[in-house]
Structures are given as C-alpha cells and as structure tokens.
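Student: Can you read through this structure? Questions will come right after.
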Amino acid sequence: MTGAVTVKKIGFIGLGIMGGPMAAHLVAAGHEVTGFNLERAAVDRLIAAGGKGAESVHEAVRDADVVITMVPADPHVEKVMYGDGGVLGSVKPGTLVIDMSSIKPSTSIAVAQAGAEHKLRVLDAPVSGGEAGAIEAVLSIMVGGEAADFAAALPLFEALGKTIVHVGPHGAGQTVKAANQLIVAGNIQLVAEALLFLERAGVDTEAGLTVLAGGLAGSTVMDRKGRVMRDRDFKPGFRIDLHHKDMGIVTESAREFDLVLPLAGLTAQLVASLRAQGGGGLDHSGLLLGLERLNGGPQDSSSKQGDN
Ligand code: NAD
C-alpha cells in the first residue's frame, strides 16, 4: 500500500499517442506498470517514467493483476488477446482485462466471452478527449461490462480521466464511443463548412468563431479545432485513418440495427474521400481540406498538411 492507493501490477500493451501518457499516469499513481509496444522507443519512454519494459505481450502480462490494452483497431486487439503468447493464454485466472482501444462492439463482446472461458474479468473502456486528454488525465471513459468489475477498475480509471461512466454490459462502451465519433466527425465537417462560408463572405473569422462559440452553435470541437482549422494546421492529433475506422464501426453497427442514419453515411463518405486522396495521416480537422477540394481546391496554397 502507498497511502490510499492499493498497488496493482499492471501489464500495459500499446504505448502510442494515447497509451504512452496513460501508462505513465498509472506509474505516477503508484502502480507497478510493465509495458510492451511494437516500437521499442515507446517502451523506453515508459521506463524513463518509472515503469518496467517487456519484450513481449506474454512477459508484460504474465504476473499482472490487471491488463490494459490500447492498440489501434480490431485486428490488433484480436492478435494481442488470442495470438501466440497473447493475453488470454498468459494471465492468471481472475485477472481484470481492460481493453481501452476503440473497436467494434461485437469484437469486445467476443473478447469478454473468450475471457470468461479463461475465468478472466473483461471490460471494454474506450476513451474520448484526444492526446491532450490523455496527457492531462482528463479523458472521458465509457465502460461496458459487469458492475463489480467496473467498481474494481474505477481507481485506475480515476488516474486517467475525469468523466467515467459505466454505460452497460460488454460492448456498450464501444457503442457509446462510436456515437461519440459520429458526433465529432459530423461536428468537424459543419465547423469546416461554417468557416469556409465565413471566409467566402469576407467576414472576420476570429470575431465569427468567438461569438459562435458562446451561443448554441458552440462545441468542444469548435473550441479545440476552430482556430487550428482556420490556420490550416492539420498536424495530428487524431488521424483520419483512425476516424475512418470509427465511421466504419458506426455504419456497420447501424446496418446491424436496421437503422437509417443519413448524416452518418454522408460523413463517413467525406472521411473516406479525404483518406482516398492521401489524407489518412492528417488530423481529422483536415475535413476542411476535403471540403476545399470539393470547392475547386484551397484558395491559399500555404495550407499545412502535417506529416502525411
Ligand atoms: P497509436 O498508433 O499512436 O498507438 C497504438 C500503439 O499500439 C502503437 O504504438 C503500436 O506499436 C502498438 N501496438 C499495435 N499492435 C501491437 C501489439 N500487437 N503489441 C504491442 N503493441 C502494439 O494509436 P493511438 O492514437 O494511441 O490510439 C489507440 C486507440 O485509441 C485507437 O483505437 C484509437 O482509435 C483510440 N483513440 C485515439 C485517440 C487519439 O486522439 N489519438 C483518442 C481517443 C481514442
């Protein structure tokens, strides 16, 4: 015990833009964190922050009380969970396995079922708040699974985020995350359209954004992205490639539910279009660039496109 913290042995898989700072916060909260990541540099950063490094998933998780995974997409989660030396075959019965990646609800349900066969407790706990939210430990965390497992994980979530909600059974966290991604992409597209509209009319965009942000049109997207979009700074942040994956989850799930979501379909196509034009590595605020191309190309050739 360190003060009020019950020290947990945590195996952390996936130390990228999000997982890196999240693992470091768990170290700072007093836990023993052993991390594994495909690129070694990220493991070295965790060691520098006071954690331990591992050479494989198996080594990172075999002695853990809790395993956290934060990898890009469904195939990565499946490989980490079910692959040779994967989580399910490596951990002790009773281990709490928390996947915080954004993936399909059906994949999370399958992982929970496979985990139960190994006597593991599984939660899906995707996050919102972006890189800044991870660094500042103010993420929103939407959790699916058993209430008792959520209660056991809550002290760890509190080291990572501010708004932490148990939203339902296995997969429900992912469903809420997909809804989040639909709202964010649609909102970015509308802020892009409003910006171009103001610019075409010759209205001062600084004044326009300031007053819009204070009224019903205001949003976190407008606050965080409005000015970087106006300045055409599309350095990621959250890559179009990942948002394309998330819009696929929205549209596939809607089809499974026999649900018609017109703007989800259109927004997914606009994200796919920017990606098809080579914009997969841009921040999702790059939807403004896609819109400019629909209008005959950027007016200003100084647009910054980030590391594409
Ligand atoms: P990232 O690509 O920066 O990091 C993912 C890391 O996982 C990489 O460093 C990669 O090496 C590692 N990885 C992949 N397969 C692995 C394996 N088999 N074993 C070990 N490590 C492996 O991605 P990210 O931006 O940190 O996103 C992670 C997840 O969080 C995604 O599902 C994303 O949709 C979600 N998310 C991202 C953001 C954001 O703003 N970046 C915000 C909310 C949610």
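The values are calculated or read from the model by the stated rules, or taken from the named source; none is laboratory data. What you see is a predicted model; the values in this text were computed from it and never measured. Don't worry about glycine lacking a Cβ; one is built from the backbone with ideal geometry, like all the others, and counts go over all protein chains shown. Protein only, heavy atoms only, side chains kept; ligands, DNA and RNA dropped before computing areas. Shrake-Rupley method; radii C 1.70, N 1.55, O 1.52, S 1.80 Å.
Student: For Gly248, are the conditions met, namely being more than 16 Å from the ligand (Cβ to nearest atom) and part of a helix (DSSP H, G or I)?
Tutor: When the stated conditions are applied, Gly248 does not pass them.
Student: Further, regarding this structure: Kindly indicate whether any position in the stretch 9-16 is within 9 Å of the ligand (Cβ to nearest atom), closer than 22 Å to Gly133 by Cα and among the small types (Gly, Ala, Ser).
Tutor: yes
Student: OK, next. Checking Val184 against (1) part of a helix (DSSP H, G or I); (2) away from the ligand (no atom under 15 Å from the Cβ); (3) open to solvent by 10 Å² or more (accessible area, probe 1.4 Å), only one condition comes out false. Which one?
Tutor: Answer for Val184: the failing condition is (2).
Student: Another question, then. Restricting to the stretch 120-165, count the residues that are away from the ligand (no atom under 15 Å from the Cβ), part of a strand (DSSP E or B) and open to solvent by 20 Å² or more (accessible area, probe 1.4 Å).
Tutor: Going through the stretch 120-165 one residue at a time, the tally reaches 2.
Student: Restricting attention to the stretch 196-216, which residues are closer than 27 Å to Gly296 by Cα and assigned to a loop (DSSP other than H, G, I, E, B)?
Tutor: Scanning the stretch 196-216 gives Gly202, Val203, Asp204.
Student: Would you mind telling me which numbered condition in (1) β-branched (Val, Ile, Thr); (2) closer than 22 Å to Gln174 by Cβ; (3) over 18 Å from the mean Cα position of the chain (by Cα); (4) open to solvent by 40 Å² or more (accessible area, probe 1.4 Å) Val203 fails?
Tutor: With respect to (1) β-branched (Val, Ile, Thr); (2) closer than 22 Å to Gln174 by Cβ; (3) over 18 Å from the mean Cα position of the chain (by Cα); (4) open to solvent by 40 Å² or more (accessible area, probe 1.4 Å), Val203 is out only on (2).
Student: Right, next: Counting only residues that are more than 12 Å from the ligand (Cβ to nearest atom) and either at pLDDT below 95 or within 20 Å of His58 (Cα to Cα) (or both), which one in the stretch 28-45 is least open to solvent (accessible area, probe 1.4 Å)?
Tutor: Val33
Student: From Arg275, Arg255, which residue is within 21 Å of the chain's Cα centre (by Cα) and open to solvent by 80 Å² or more (accessible area, probe 1.4 Å)?
Tutor: Answer to the selection: Arg275.
Student: Only one of (1) open to solvent by less than 30 Å² (accessible area, probe 1.4 Å); (2) of a type in the set (S, T, N, Q); (3) more than 13 Å from the ligand (Cβ to nearest atom) fails for Gln113. Which number is that?
Tutor: (1)
Student: A follow-up question, please. For the stretch 191-227, which positions are touching a residue at least 40 places away in the same chain (Cβ under 8 Å) and farther than 21 Å from Ser273 by Cα?
Tutor: Glu199, Arg224
Student: Hey, another quick one. Under 8 Å between Cβ atoms, which residue pairs at least 6 apart in sequence (or on different chains) link something in the stretch 8-36 that is at positive phi with a partner that is open to solvent by less than 10 Å² (accessible area, probe 1.4 Å)?
Tutor: As it stands, the answer is Gly14/Thr69; Gly14/Ser101, since those pairs meet every condition given.
Student: State which residue is nearest to Phe197 (Cα to Cα) when the search covers only the stretch 278-300 and only residues that are within 18 Å of the chain's Cα centre (by Cα) and without any contact (Cβ under 8 Å) to a residue 60 or more places away in the chain.
Tutor: Gly286
Student: Where residues in the stretch 54-92 are acidic (Asp, Glu) and open to solvent by 40 Å² or more (accessible area, probe 1.4 Å), which of them is farthest from the ligand (Cβ to nearest atom)?
Tutor: Of everything passing the filter in the stretch 54-92, Asp65 is farthest from the ligand (Cβ to nearest atom).
Student: List the residue pairs whose Cβ atoms are under 6 Å apart, where the first residue sits in the stretch 141-164 and is touching a residue at least 60 places away in the same chain (Cβ under 8 Å), the second is small (Gly, Ala, Ser), and the two are 6 or more positions apart or on different chains.
Tutor: Cβ pairs passing all conditions: Ala159/Ala29; Leu160/Ala137.
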